[in-house]
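Everything below concerns the one structure shown next.
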Amino acid sequence: MSVRVLTSLADGDASLDAVDQLLRELDAQPEAVRLMAGTPGFRIAYRLPTGRPLLVKHIRPLRLPETCAGCRFNNSADCQEGYYGVRLYRDPHGTFHIGVCIQRMDLCLPVEEFVGSEVCAEIRKIREQDLHDLTVRP
């Protein structure tokens, strides 16, 4: 069994405090931080005294510079996560679409259109920049 703990964006600091309290009560010891370039999520791996692993998912705000710039939701109250990664959806007619925002389903494009779109190029660019930023040694 895999145990993962996810904070609630809606509850903000109270949720983060609750997770911290849980980790203290379980005497969980941090082992690793797992970042994925170009995604808003990162995980901290903990080890329990029993040896079992526990993962805590966190969100770091990530915005697509062009797509998010003019968005009416682009503020800390309406959009806490920003770009949340590529998601695959299927419409009632069986067509697969790629979505990049849980607030803006109007940004979904059929897969065939998405792969050649400016949004896809923007995502590729931000992933490459994020990977560079995460791996550059001072």
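Going by the alpha-carbon gyration tensor, a ≥ b ≥ c the square roots of its eigenvalues, is segment 58-138 rounded (a/c under 1.5) or, if a/c is not under 1.5, prolate (a/b greater than b/c) versus oblate?
Values: a/c = 2.14, a/b = 1.41, b/c = 1.51.
Judged from the Cα gyration tensor, segment 58-138 comes out oblate (a/c at least 1.5, b/c at or above a/b).
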Task: Rounded tilt (10° steps) of 12-26 against the dominant C-alpha axis of the chain - done: 40
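From the mean inverse distance of alpha carbon pairs (Kirkwood) and the Cα radius of gyration, derive Rg over Rh for the chain.
Values: Rg = 17.6 Å, Rh = 17.1 Å.
Radius of gyration over Kirkwood radius for the chain works out to 1.03.
Excluding ligands, DNA and RNA, what is the solvent-accessible area per residue of the chain at a probe of 1.4 Å, expressed in Å²? Numbers along the way, then the final one.
On the way: 9190 Å² over 138 residues.
Each residue of the chain exposes 67 Å² on average to a 1.4 Å probe.
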Task: Cleavage-rule hits (trypsin sites (Lys or Arg not before Pro)) in segment 35-137: DSSP loop, at most 12 neighbouring Cβ within 10 angstrom - done: R72
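Helix-only estimate, please: 222 nm mean residue ellipticity of the chain, summing -39500 (n - 2.57) across DSSP H runs of length 4 or more and dividing by its residues, to the nearest 500.
Working: 3 runs with 37 residues, N = 138.
That calculation yields -8500 deg cm²/dmol at 222 nm.
Local charge sum around V56 (other residues, Cβ-Cβ under 10 Å, Lys/Arg +1, Asp/Glu -1)?
Working: positive: R4, R43, K57; negative: D20.
Once positives and negatives cancel, what remains is +2.
Are there chymotrypsin sites (Phe, Trp or Tyr not before Pro) in segment 31-110 that DSSP puts in a loop and that have at most 16 other Cβ atoms within 10 Å, and which ones? Spell out each step's value before the answer.
Numbers: sites: F42, Y46, F73, Y83, Y84, Y89, F96; in loops: F73, Y83, Y84.
Of the chymotrypsin sites (Phe, Trp or Tyr not before Pro), the ones in loops of segment 31-110 whose Cβ has at most 16 other Cβ atoms within 10 Å are F73.
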Task: Charge context of L107, other residues only, Cβ under 13 angstrom, K/R +1, D/E -1 - done: -2
- [ ] Could you calculate the contour length gain from R47 to R72, that is, 0.36 nm times the residue separation minus the distance between their Cα atoms, to one decimal place in nm?
- [x] 4.9 nm
- [ ] Hand me the GluC sites (Glu not before Pro) from segment 1-76 located in a DSSP loop with no more than 15 other Cβ atoms within 10 Å, in residue order please.
- [x] E66
- [ ] Please give, to one decimal in nm, the separation of the simple spin-label points placed at D130 and V33, each 7 Å out from Cα toward the Cβ.
- [x] 1.5
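The values are calculated or read from the model by the stated rules, or taken from the named source; none is laboratory data. Note that the structure is a prediction, hence the values are computed from the model and not measured. Ideal geometry is used to build each Cβ from the backbone, glycine not excepted, and the neighbour counts take in all protein chains shown. To get the accessible areas, we keep the full protein, side chains included, count just its heavy atoms, and leave off ligands, DNA and RNA. Shrake-Rupley method; radii C 1.70, N 1.55, O 1.52, S 1.80 Å.
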